[in-house]
Each structure stands twice: as C-alpha cells, then as structure tokens.
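Participant: Okay, handing you the structure first.
The values are calculated or read from the model by the stated rules, or taken from the named source; none is laboratory data. Every value quoted in this text rests on a predicted model; they were computed, and no experiment measured them. Cβ placement follows ideal geometry from the backbone for every residue including glycine, while neighbour counts extend to all protein chains displayed. Just so you know, the surface numbers come from the protein's heavy atoms only, side chains and all, with ligands and any DNA or RNA stripped out. Shrake-Rupley method; radii C 1.70, N 1.55, O 1.52, S 1.80 Å.
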Amino acid sequence: MKKQILFSYFSCLALGVYAQKTAPSQQPKDTVTVLSEVVVTASRLPIDVMKSPISIELLDAKTAQQQGAASYFDALEHIKGVQLLTSSLGFKVYNTRGFANPTNVRFVQLVDGIDNQAPHIGAPIAGALAPSDIDLAKVELIPGTASALYGMNALNGMLNILSKSPFTFQGLTVQQKTGVNHLGDANASAQLFAETALRWAKAWQNRWAVKVNFAYTKGYDWIADNTQDLNPNGNISLGLTGQANPAYDAINSYGNESSNRKTLTLGGKRYAVARTGYYEKDIADFNIHNLKADIGLYYKPTPQSEIQYTYKIGTIDNVYQRTNRFRLDNYHISQHSLVFKNKSLVLKAYLTTEDTGDSYNIRSMAENIDKAYKTDDQWFKDFTTAFNTANGQGKTTAEALSLARTQADAGRPQPHTASFNEWIQKLSKINNWDIGAALQVKSWLYHAEGQWDMTESLLQTLHQKTGINILAGFDYRSYEVYPDGNYFINPIEANKNLTYVKYGAFLQVTQAFFNEKLQLNLSARADKNQYFDWQFNPRMAWVYSPTHDHHIRLSYQNGYRFPSLFEAFSNVNSGGVKRVGGLPLMSQGIFENSYFKTSIDAFQAAVTSDVNTKGLSTAEAIRQNKGLLIKNDYTYIKPEQVNSFEIGYKGNWLQKRLLVDIDFYYNIYQNFMAQVEASVPKTSSSNTDTIATYLNDRSKQDRYRLWTNSKSKVYNYGASIGLRYQYRNYIVESNLSYAKLDRKESNDGLEEAFNTPQWIANIGISNRKIWQNLGAGISFKWQDAFIWQSSLATGNVAAYHTIDAQLTYSVPSQKLVVKLGGSNITNQYYYNFLAGPSVGGLYYISITANL
C-alpha cells in the first residue's frame, strides 16, 4: 500500500509536466494564476511568501471552500506536513514535525496574531475562539519552531488564523450546514449534524466599523471504543489472556487500570485482578453543543492607523483528551483584546478567561461509580470468597473467575439506567478525583506586547541608505489560576490565586544584498520566567533568489518553552495516583524519597512469578527480588529546548503553472518535559527489607506522577514536498511529508514520544467552474502506521486513508452558494491516535447567503 501511494504521488507530477507539454503554448484567458501572496507570520512583517526565510504554508478562504471537509479547521489536515489528532468531532488538534500529543502545548494557535490558548492547559480549545468559515480570510502555518520571534512555546509549530476586515468585507452573511454522521456505526444510529453561522460587518466613511459573528454547532460526537487490552501480560504466567484475563484493561474502559488492581492469592496461586470498570460509551455524554460569538469595534484615527477592540466568547460541550479523557460540559472561555497599529508600531493587550463549568473526568467517573457502590476492600473480599467457593465445587479456573466477578459485581449500577445517571450527576459535582469526577478550574491569562519597525520611522534614513530593516518588540504575560484544591493548590497561601509570570523582548535585523538576490535575516530573543533564569534564543536565515521565480532558503534557530501552568503547579489526585507539578514548591521531598514505578512493577511481577512457579513464600520472594527496586534520580523541572536546522526551496515552473515547495529539517531536542511515575513507601525506615515489603503492597505506598525533564538528547529529521499545478480552472495540489526519529542519547524512556507517522500524503483536484456556476473538488489523504505512546495508552495506530469531496453551485443573482460535501466519504472508520475516537464519514449540505 505504501509503495502504491508513493508511486501515485510522483506519477501526478509526471502527468502535470506532460499536460503542460501537450497544452497549447498560449495561456487561456480564463486561467487563474495566484501562486504568490503576502504573509506576516514568518517575520512579523509583510513579505512575499516566496521569499519567506522559513517554511510557511497557506490556506485561504477560497481554497478551503473547494475542500470536501466540513470546515476550514478540518481542511487544515491537508496542508503539507500537518498531522491531525481528532479528540472529538468538535475538538481537533494539529501538529508538525513530530512529538504529537492531544494537548500539544508545543504548538501555538493565534487568531489575528492573538494567542487563544486555554490558560490552565497552555493550548487552544480547538476552534472555540477561532473565526467561523464565513469570517475566514486565510490561515498561515509555520511548521517547526517559531519561538525566536514569538516566545510562546512554539517548538512544534504555529498557526495564525486571520479573519476578514470589516472595512474590506461588509454586509450580512448567513451560512447553514446540515449533515449526518455515524452511518454504519455499531455504537450509535445515524445522527444529525447542524451548524449555523452569521457574520455582519459595516463601515462608515472608512473610519469607523463594527463586526459581529455568531456560530452554533450541534451534533453527536465520535465514540472512543477501542477494546485492545493494555495489560495482556497481567496473568500470563497462569495462561490467562484476552477476556479470560481477570486484570483485563481495555483502552477505552476505565476503572480497571493498575490503580484498580490487586494481587490476590487464590487456590495457592497469585492472580492480578482488576475491578470491572465501565466503557467510555457508557459514561460520557456525546451530545455536542458548541457556541461562539464575537463583536469588534474598529476606528481609524488616520488612513495609516487603526484601533481595534474585540470581545470573543465560546461555550463548549464535547469530549476532550489529555492524560485522561474528559467531558467538557458548560465550558466557557472568553477574551477581551485591544490593538493599535500603524505602519511602524503594533501594540496589543488581551485578557483570556477560562471556566471549566460542569466538566468531568471520564476515568474518575467510571472508577468512583464502582467504588461508591462497593469499596475496593469489600469487592476484592467478595471476589476471593466467591472464587474459593466455586473452586471448592470443582469449577474450572475460568469458570471460578467468571462466577467470582459476577458475585462481586452484584448490585453494581448498570449503564443507561436512572440510578446510574444519578451517580453521574452526583459525582460530576464532587471536586475530588479520589471520590468524585468534577473538573472545576478557573484561570486567567493577561498579555501585553508591542513591536516597532524602527526603520519605518526613527531610522528611515538608515533604511534608505543601507536597505537595513530593524524590528524590535517586547511582551509580558501573567497566568493566574484559582486553587480549587483538586487540580491546583497554593502550597504557600492556601486561599490566594497562583500566578505565573513571564516577560521578554526580541530584535530582528534584515538586509538585502546583491540587488536583492540575497536576503539576510537575524533575530535574537531573551525571556525570563519568575521561576527560571533568562532564556536566549537566536534565529539566522538566508534567502537566495537567483531569479524572481526561484528561491532557496537556509535557516538555524533555537527554540524553548517554559512549563505550562499544569506542568508547573498541578496537584491532582486521580485513581490513587497524584500528579504533581515539577516546581520545587510543589514536589520537594517527593523526588528525593521515591522509587521508579517501572522498577516496582518489575519487582512485583518477579515476586508473583517466584510464588507461582517456584513455591517461595511471599517474604522469601521479596528478599530475593528487592534488588530490582531503583530509586528515583530525576529532579525539578526546567525549560525545554530545541535547535532546528532547515533548508528549503520554493519556485515556479512551467510558465508559472507549477509551484514547487520543498523543505528538509533536522532538530535536536534537550530537556523534554515529561512525567516520571514513582512511589514513596509509607515508612520512615531506611531498612531495604522494610522498604521492599511496603513497595510490594499498593496500599502501603503513595503513588505519584511527577513533572520533570528527560535526560536524553533526541534527534529527529524530516522533509516534505508540495506541488501545485494549475491549468485553466483546474488546480491539482499534492504534498508528501516524511518524519523520522533519528536517535536518542542515553535513552532514559522519559523523552517525549514521537507519536508521528513516517509518511503522510495528500492529493486533490478542484475546479471552481467546471460548468457555468458549478464547481467541484476531491481530495485523498493517506497516513502511515505508527507507534503511539502515552500514559493513557501505548500501541500501534494503523495506517488509514480518507477521501473528501464536494460540489458547489453558485447563484450570483441571489448571492447564494450551495455546497454538497463529505469527509471520509467511503465511511471507513479509523482512529488517528490511541484512546481517541473512531472517526467515520460526515456528509453535509451548506447554504451560504450574502445579503
């Protein structure tokens, strides 16, 4: 399959060249050639995209309209080098160049240059504050690090979504989408999908303007239903595997994880036994209700200057994933922003507010419903009694285990019953994950920044004489979070909000040489966090343009990121494991006295094996295997860094019908932030036998997941090629991306998982005017298989491919556009990361009216 995909990709290039050779030499009058555009994200100043000093990708509103995807946010996955993670129908996460995860604090998302992250996680809540389809101007995406200019943790990439100006695009636009998903889904019947969007903009005398947006989405979420066993070797020494394994732990079943297991001695053998747990489809509410709105006021004091005030608000009801799966319910995020800009100066200030509302942890919900009706001690006691009874009656081991579970589960709340739903309502209000499931976080982000193009004003003469451009800027950012007592605590002043402050500045110098054939771009940035020393990172880039149509770029830059609020300050009890932030004020004393969970697991498995196979007593087996225990030698968290090298080419060929964009990169990562799992024995004794005895019993140790840094240095590289061929009204676009984890130094297992397919390919063809007012487009995506690793699930993600298609019909006299489209139109269900949902086809019709 992989060879067929790659062969097809390169065949398309050959076909494009052949089409050019056999076509008439004179360009038809109706040919549309738009192969160059101005971008601002690459260097914070308007430049020709062809001469960008670093890789940058574009998606404009017209191109998004030609995609079969239901929105531009979904269409982004067809951009060169982009990997999509689907946490839910209403929550998509993007990544580039490796080390993906469904929270992805290494990838920054801006809207009109303003960060729209949720403060407490340090990453965006998908498109909660992003423009709707009818307010989109274009999207600019930087694959790879961008922190040298932006300083916002952009190690893996940056997305800048630009909305339409009310001065340029006026009037009332209404769009209605109606569709269906879950066709052929074993977990749900066909479900309706609907999205209503409205945009109104009005300007007066080109000085005053107002813009209002509203969008509401309703649907039924994709369902995570992976039944793969995460603990297949739990009872391998007894020959119990699959459903016969009494410690069975399906990926999307919760309440049966390691913290819900106990080793029981039954009939002289040691069995790992887990509580039964519940599947996500029995716990979560899959109804989606997402609303977002914004209002903007705009004033131009002079023709060259503008003041903008914008207020955005989003309310989210859908599923979301980080370390665990969550149901976001009545989740609110809002943002006030104030911007001033003219030819030389840009000033921005904004406030983002987040309230998780009635959201809950799906795993904790499942776990604590089980515990609420019967304690662990009582359940395991009942299981043991029932097994011994069945065993004494001559039942086989498999029969005795099954009967023991049935007896222990007697009276257990059953999904989709009134009593079960009452438990969900009750536990979703308890803000303690040892007994409840509520996610009750309130946080704020305060941000101010400015940039000054000095050669547009003060140093204009210098620019005219030398061609030098100098850009300087600063930013200040403060996070604030309410210590709810479960997710966050303030260990210094219990009732005072936690604050987390960072500030920095940058300087960028650019100059052209040799009649502007060579562009040199140098920048340097320095940032200070209240808990860390100054971080310095430079960027150097060269662009050589031998002709107007061909451009070669070379760059080096250093990137960094400070820990997010959660990585720094978290204090979460979940499933008997406390996740603790990596700052000394949060984790002092734990690092120094803990033992690695991996060594404890190996120690306990060895003890069990020796008891089962060698006939040793438990005490003898503990003494014999205590040497397997390893003390934790990690320490407090510090900033993460990357050094990135890139070379690329962008050029026009075949009388500017063919655009070619190629890049190659090599990255070196240090100090990856990660979590180490460790336990502290509940004893003050230093005797190794005593410590080993405590660590053999889950009830005699405190378990932690500590934020720290990997000791490994990690190297990865990759390349991509994008082709865009245009003839008459036909546009063929294709891209192929390759990503590879090169090597690791001192592989300690804590480095961030690569979680990236080696190959991703996209190809599509579209025509906005096939016949009269009818347009069409179809695109194909293929993604290679890869290994996914996370604290929630580890295993293989299968390769998959999808086809999106659309037909568009315009009615100019009525100012109407009707679009019939579908994503994954073959309805082949797939998941693009472990523990994520199974994604099928979505089919829709949209009507857009410009009034």
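Participant: In Å, what Kirkwood hydrodynamic radius results for segment 388-546 from the alpha-carbon pair distances?
Facilitator: About 22.8 Å, per the Kirkwood formula over Cα pairs.
Participant: Sticking with this structure for a sec: Select one label from (i) 113, 66, 52; (ii) 114, 68, 49; (iii) 91, 56, 50: the one whose number is Cα extents along the principal axes in Å as derived from the coordinates shown.
Facilitator: (iii)
Participant: Can you compute the FRET efficiency between Ser699 and Leu338 using 1/(1 + (r/R0)^6), with r the Cβ-Cβ distance and R0 = 51 Å? Round to the nearest 0.05.
Facilitator: 0.40
Participant: Largest first, how would Lys528, Lys711, Lys429 line up by accessible area (1.4 Å probe)?
Facilitator: Putting Lys528, Lys711, Lys429 in descending order of accessible area: Lys429, Lys711, Lys528.
Participant: In addition: I need the phi-derived Karplus couplings for segment 580-592: 6.51 cos²θ - 1.76 cosθ + 1.60, θ = phi - 60°, integer Hz, Gly and Pro marked x.
Facilitator: The phi angles translate into 10, x, x, 6, x, 5, 9, 10, 5, x, 7, 3, 6 Hz.
Participant: Near Lys740, which lysines are there with a Cα under 22 Å away, not counting those fewer than 8 places off in the same chain?
Facilitator: Those lysines meeting the cut-off are Lys2, Lys3, Lys80, Lys711, Lys713, Lys781.
Participant: OK, next. Compute the length gained on full extension between Asn515 and Thr265: take 0.36 nm times their separation in residues and subtract their Cα-Cα distance, giving the result in nm to one decimal.
Facilitator: Additional length available on full extension: 81.7 nm.
Participant: Right, next: If R0 is 30 Å, what FRET efficiency do you get for Thr168 and Gln655 from their C-beta distance, rounded to 0.05?
Facilitator: FRET efficiency, Thr168 to Gln655: 0.45.
Participant: Take peptides 799-808, 52-61, 80-89 and line them up by average Cβ neighbours within 10 Å, highest first, as a rough protection proxy.
Facilitator: Details: 799-808: 19.7, 52-61: 21.9, 80-89: 23.9.
Packing proxy ranking, top to bottom: 80-89, 52-61, 799-808.
Participant: Could you tell me the ratio Rg/Rh of segment 711-851? Both radii from Cα atoms, Rh via Kirkwood.
Facilitator: Ratio value, two decimals: 1.12.
Participant: On a 29 Å Cα-Cα criterion, which of the cross-link pairs Lys51/Lys92; Lys381/Lys614; Lys631/Lys744; Lys202/Lys292 come out too long?
Facilitator: Values: Lys51/Lys92 31 Å; Lys381/Lys614 26 Å; Lys631/Lys744 23 Å; Lys202/Lys292 20 Å.
Long pairs (Cα-Cα over 29 Å): Lys51/Lys92.
Participant: Let me ask something else about it. Which residues' amide hydrogens lie under 5 Å from the amide hydrogen of Leu439, considering only partners 5 or more residues apart or on another chain, with H built in the peptide plane?
Facilitator: Hits under the 5 Å cutoff: Ser359, Tyr360, Asn361.
Participant: Let me ask something else about it. Would you mind working out the accessible area per residue for the chain, using a 1.4 Å probe, and quoting it in Å²?
Facilitator: Solvent-accessible surface per residue comes out at 40 Å².
Participant: Treating only the Cα positions of segment 200-279 as identical point scatterers, give the base-10 log of I(q)/I(0) from the Debye formula at each q in 0.13, 0.14, 0.15, 0.21 Å⁻¹.
Facilitator: -0.53, -0.58, -0.63, -0.92
Participant: Please list, in order along segment 438-445, the HN-Hα scalar couplings obtained from phi with the Karplus expression 6.51 cos²θ - 1.76 cosθ + 1.60 (θ = phi - 60°), rounded to whole Hz, x for Gly and Pro.
Facilitator: Values, residue by residue: 5, 10, 10, 10, 10, 8, 9, 10 Hz.
Participant: Next question, about the same structure. If I compute solvent accessible area with a 1.4 Å probe over the protein chains, what percent of it on segment 739-851 is carbon and sulfur?
Facilitator: Whole-percent figure for carbon plus sulfur exposure: 59.
Participant: Please list, in chain and number order, the residues 5+ apart from Ala154 or on another chain whose amide H is under 5 Å from its amide H, with Hs placed from the backbone.
Facilitator: Those qualifying (amide H under 5 Å, at least 5 residues apart or on another chain) are Ala146, Ser147.
Participant: Taking Cα atoms, how many degrees apart are the long axis of helix 2-22 and the longest axis of the chain, rounded to 10 and kept between 0 and 90?
Facilitator: Helix 2-22 and the main axis of the chain meet at about 10 degrees.
Participant: Please compute, over every Cα-Cα pair in segment 574-726, the percentage with a separation greater than 26 angstrom.
Facilitator: Roughly 51 percent, once rounded to a whole number.
Participant: While we're here: Apply 1/(1 + (r/R0)^6) to the Cβ-Cβ distance of Ala194 and Lys631, taking R0 = 51 Å, and write down the FRET efficiency to the nearest 0.05. Could the numbers behind the result be given before it?
Facilitator: Details: r = 57 Å, r/R0 = 1.11.
E(calc), rounded to 0.05, equals 0.35.
Participant: What distance in nm separates the two pseudo spin-label positions at Asn187 and Thr406, each 7 Å out from Cα along the beta-carbon direction?
Facilitator: Here the answer is 2.8 nm between the modelled labels.
Participant: Report the Stokes-Einstein translational diffusion coefficient (µm² s⁻¹, integer) for segment 527-615, Rh taken as the Kirkwood radius over Cα pairs, at 10 °C with viscosity 1.306 mPa s.
Facilitator: 85 µm²/s
Participant: To continue, here is another question. Just grab the label-to-label distance for Tyr715 and Val38, each label 7 Å out from Cα along the Cβ direction, in nm (one decimal).
Facilitator: 4.3 nm
Participant: Throw me the Rg/Rh for segment 290-360, computed over C-alpha atoms with Kirkwood Rh, two decimals.
Facilitator: On the Cα set of segment 290-360, Rg over Rh gives 1.19.
Participant: Provide the solvent-accessible area of Ser457, counting protein heavy atoms only and rolling a 1.4 Å probe, rounded to the nearest 10 Å².
Facilitator: Result for Ser457: roughly 50 Å² accessible.
Participant: Tell me the angle of helix 362-373 to the major Cα principal axis of the chain, expressed in degrees between 0 and 90 and rounded to the nearest ten.
Facilitator: 20 degrees
Participant: Where does helix 397-408 land angle-wise versus the long Cα axis of the chain, in degrees 0 to 90, nearest 10?
Facilitator: 80 degrees
Participant: When the chain is fully extended, how far beyond the present Cα-Cα distance does Leu507 get from Ile552, taking 0.36 nm per residue of separation?
Facilitator: 13.8 nm
Participant: Could you give me the ³J(HN,Hα) list for segment 451-468, computed from phi with Karplus coefficients 6.51, -1.76, 1.60 and θ = phi - 60°, whole Hz, x at Gly and Pro?
Facilitator: Using θ = phi - 60°, the values come out as 9, 10, 7, 5, 7, 8, 9, 4, 10, 4, 5, 4, 5, 5, 7, 10, x, 6 Hz.
Participant: Determine the gain in length on full extension of the stretch Asn729-Ala849; use 0.36 nm per residue of separation and subtract their C-alpha separation, reporting nm with one decimal.
Facilitator: 40.8 nm
Participant: Can you put Val714, Val346 in order of accessible area, largest first, using a 1.4 Å probe? If you can, show how the numbers build up before the last one.
Facilitator: On the way: Val714 0, Val346 35 Å².
These residues rank, largest area first, as Val346, Val714.
Participant: What is the list of residues in segment 320-356 whose amide nitrogen lies under 16 Å from a point 7 angstrom out from the Cα of Tyr476, following Cα to Cβ?
Facilitator: Residues passing the 16 Å test: 338, 347-352.
Participant: Taking the alpha-carbon centroid of each part, what is the distance from segment 185-239 to segment 524-564 in angstrom?
Facilitator: Here the answer is 34 Å between Cα centres.
Participant: Ignoring ligands, DNA and RNA, what percent of the 1.4 Å accessible area of segment 415-524 is carbon and sulfur?
Facilitator: The nonpolar share, carbon plus sulfur, comes to 57 percent.
Participant: Something else about it: Just read off the accessible area of Glu620 with the full protein assembly in place, 1.4 Å probe, to the nearest 10 Å².
Facilitator: Approximately 80 Å² for this residue.
Participant: Still on this structure, I have one more. When we measure straight from the Cα of Lys395, which lysines land under 17 angstrom away, once same-chain ones fewer than 8 places off are left out?
Facilitator: Lys269
Participant: Could you list the residues of segment 168-193 with an amide nitrogen less than 18 Å from a label point located 7 Å from the Cα of Tyr809 in the Cα-to-C-beta direction?
Facilitator: Within reach of a label on Tyr809: 176-179.
Participant: For Lys626, Lys426, what's the largest-to-smallest order of accessible area, 1.4 Å probe?
Facilitator: The residues order as Lys426, Lys626, largest area first.
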